[in-house]
1. R0 = 22 Å: FRET efficiency of residue 49 with residue 29, Cβ-based, nearest 0.05?
2. Using a Förster distance of 45 Å, how high is the FRET efficiency between residue 76 and residue 129, based on the Cβ-Cβ distance and rounded to 0.05?
3. Based on the mean of other beta carbon atoms within 10 Å per residue, what is the order of 163-172, 8-17, 44-53, most packed first?
4. Could you work out how far apart the two model spin labels at residue 160 and residue 182 are, taking each label as a point 7 Å from the Cα in the direction of the beta carbon, and quote it in nm?
């Protein structure tokens, strides 16, 4: 799927979004479908920002859409937040979980570059293991990467769980996400070069 076609979709007007979300809470299936379609733009943007390209982007889009569906079903428009703000951690968590379960397998790269710097078999769990414990825990809590189907926590809840201030929790999360983005982007880039070198 061409990610550009999704990212170019305009966001919903806030009033329209709120009306649709209220209808969803009343059981309107068509309103739910409309919110999900508009939210695919967010899923595509998040997958790209995490470094997923080519076939990996399609997998990330599928995983992120599952997170979006959960967010749409739980979204309360009367609490003041926009759907994009509420859904972002759900989408991120679903994408990262999918990558962790699926694993980014690069056998061709492993054969060509078996040294200690190889990214073959890198997955999100390994990338998280490279982080300082506080950063890794902040990301797991924030994006629901703990127990199966764990709900993402707000940054305030993460701060309380870690026993730090909210700004400190934000800094831990930001540093961890930057690390994950770099590592996943490296995997995607090397996978792309490997496919370009292979005529099959």
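1. Rounded to the nearest 0.05, the efficiency is 0.15.
2. Values: r = 35 Å, r/R0 = 0.78.
Once the sixth-power term is evaluated, E becomes 0.80.
3. Details: 163-172: 15.4, 8-17: 12.7, 44-53: 21.5.
With the highest mean Cβ count within 10 Å placed first, the list reads 44-53, 163-172, 8-17.
4. Reported label-point gap for residue 160 and residue 182 is 3.3 nm.
Where a number appears in this text, it was derived from the coordinates with a stated rule and is not lab data. Computed from a predicted structure; not experimentally measured. All Cβ positions, glycine included, derive from the backbone under ideal geometry; neighbour counts span all protein chains shown.
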